[in-house]
Amino acid sequence: MTISVLDRNRAGDVTQGDLGGLHDAAAQVDDELLPCRTNESELWFAESPSDVEFAKTLCQACPVQALCLDGALERREPWGVWGGELFLQGVVIPRKRPRGRPRKNAAA
């Protein structure tokens with residue numbers, strides 16, 4: 001499994017790592033525009049790789065996506081989809097592998 005760390009430090013960005021800041025920003029947006037509020041919350045913490053990819057896709061149009069991702073990176077979220085990225089043990093991973101035996105040969 002490949003693990004990467006995103007660096008979201010951009011000039012002019014004000015990030016709030018606490019969830020309160022994210023909730024405050026989301027409160028200023030209509031709930032129908034927030035996919036995490038209009039869909040089942042379990043989708044963002046799903047076991048199925050296809051459900052995780054679907055959650056990541058839903059996040060792409062979210063108006064608070066950047067704030068959500070920045071906060072999750074700062075808090076080092078232990079797992080789940082935050083801001084359109086999948087977190088595992090506080091770092092971003094590209095995709096979720098299905099349960100089962102690991103590969104016998106290293107991936108190219």
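Some notes on this structure:
- Of the helices (runs of 4 or more DSSP H) contained entirely in the stretch 29-94, those carrying at least 3 residues that are farther than 19 Å from residue 18 by Cα and out of contact with any strand residue (DSSP E or B) (no Cβ under 8 Å at 6 or more places or on another chain) fall at 49-59.
- Matching residues, the stretch 46-57, being exposed (fewer than 14 other Cβ atoms within 10 Å of the Cβ) and farther than 13 Å from residue 83 by Cα: 47, 48, 50
- In the stretch 2-33, residue nearest to residue 84 (Cα to Cα) [restricted to those that are acidic (Asp, Glu) and modelled with pLDDT under 50]: 7
- Flag for residue 40 being at pLDDT below 95, charged (D, E, K, R) and over 10 Å from the mean Cα position of the chain (by Cα): yes
The values are calculated or read from the model by the stated rules, or taken from the named source; none is laboratory data. Being a predicted model, the structure only gives us computed values, none of them experimental. Counting neighbours? That spans all protein chains shown, and the Cβs are built from the backbone with ideal geometry, glycine included.
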